[in-house]
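The values are calculated or read from the model by the stated rules, or taken from the named source; none is laboratory data. This is a predicted model, so every value here is computed, not measured. Note: ideal-geometry Cβ built from the backbone for every residue, glycine included; neighbour counts use all protein chains shown.
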Amino acid sequence: MSERQRFTDLFEHFEFTLKRRGFLQKGRDHAQADWDSFERGLGQGFFDEVRDAGIAKTLIAEPPGKLMRAPLEWKRPDGRLATTHELFVQGVCRVRNSLVHGEKYKGDAIQAARDDVLVSEALAVLKAAQSLLAIPEPGGETAT
């Protein structure tokens, strides 16, 4: 299984698990995972551990951009990521969104290599959170 597939599978499993553990966005009729509430529960110490372990160097130092509408171009965050919130919202979730919505692996070999690094590091961040919160491997919890 490729890193991309492992990342996508684990991200999907996180969303499934977060919803069933009560991390739901408020004010919506449909169930949507509340990543903000989840990352607040991890606290700043999680970011510090990830940074100090060196498992997300590029994700933190050169975070992925966001495709803007007008003009249609990429805008990267100003500076390095510095909080657990930024790590998940501007890092992990943005990698997932770009991958799933077809914006990753569209450039040259240099960009593809960067995409590989971002996907690998986003996967490492999810795995770190997974072990900390005792989230089982995909397939370990079932829908009801």
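Selection of the stretch 14-62 for residues being of a type in the set (Phe, Trp, Tyr) and touching a Phe, Trp or Tyr at 6+ places or on another chain (Cβ under 6 Å) yields PHE23, TRP35, PHE38. In the stretch 3-20, of all residues being touching a helix residue (DSSP H, G or I) at 6+ places or on another chain (Cβ under 9 Å) and free of Cβ contacts under 8 Å to residues at least 24 places away in the same chain, the one that is farthest from ARG114 (Cα to Cα) corresponds to LEU18.
Residue check: is LEU81 among the hydrophobic types (A, V, I, L, M, F, W, C), more than 22 Å from LYS127 (Cβ to Cβ) and either surrounded by 15 or more Cβ atoms within 10 Å (Cβ to Cβ) or modelled with pLDDT of 90 or more (or both)? Give the steps one after another, and end with the answer.
Details: among the hydrophobic types (A, V, I, L, M, F, W, C): yes; more than 22 Å from LYS127 (Cβ to Cβ): no; either surrounded by 15 or more Cβ atoms within 10 Å (Cβ to Cβ) or modelled with pLDDT of 90 or more (or both): yes.
No; evaluated as a whole, the condition is false for this residue.
Might you check whether a residue that is surrounded by fewer than 20 Cβ atoms within 10 Å (Cβ to Cβ), basic (Lys, Arg) and touching a helix residue (DSSP H, G or I) at 6+ places or on another chain (Cβ under 8 Å) occurs anywhere in the stretch 99-107?
Keep residues of the stretch 99-107 that are surrounded by fewer than 20 Cβ atoms within 10 Å (Cβ to Cβ), which gives 100-103, 105-107.
Restricting the remaining residues to those that are basic (Lys, Arg) gives 106.
Applying the additional criterion that residues be touching a helix residue (DSSP H, G or I) at 6+ places or on another chain (Cβ under 8 Å) yields none.
No, the stretch 99-107 has no match at all.
Looking across the stretch 57-70 at every residue that is of a type in the set (A, V, I, L, M, F, W, C) and within 13 Å of GLN90 (Cα to Cα), the one that is surrounded by the fewest Cβ atoms within 10 Å (Cβ to Cβ) is identified as ALA61. Can you find a residue in the stretch 109-119 that is at pLDDT 80 or above, closer than 16 Å to LEU18 by Cβ and out of contact with any strand residue (DSSP E or B) (no Cβ under 6 Å at 6 or more places or on another chain)? No, there is no match, as no residue in the stretch 109-119 is at pLDDT 80 or above, closer than 16 Å to LEU18 by Cβ and out of contact with any strand residue (DSSP E or B) (no Cβ under 6 Å at 6 or more places or on another chain). LEU59 meets each of the listed conditions (1) under 14 Å from VAL119 (Cβ atoms); (2) at pLDDT below 95; (3) in contact with a helix residue (DSSP H, G or I) (Cβ under 6 Å, 6 or more places away or on another chain) apart from (2).
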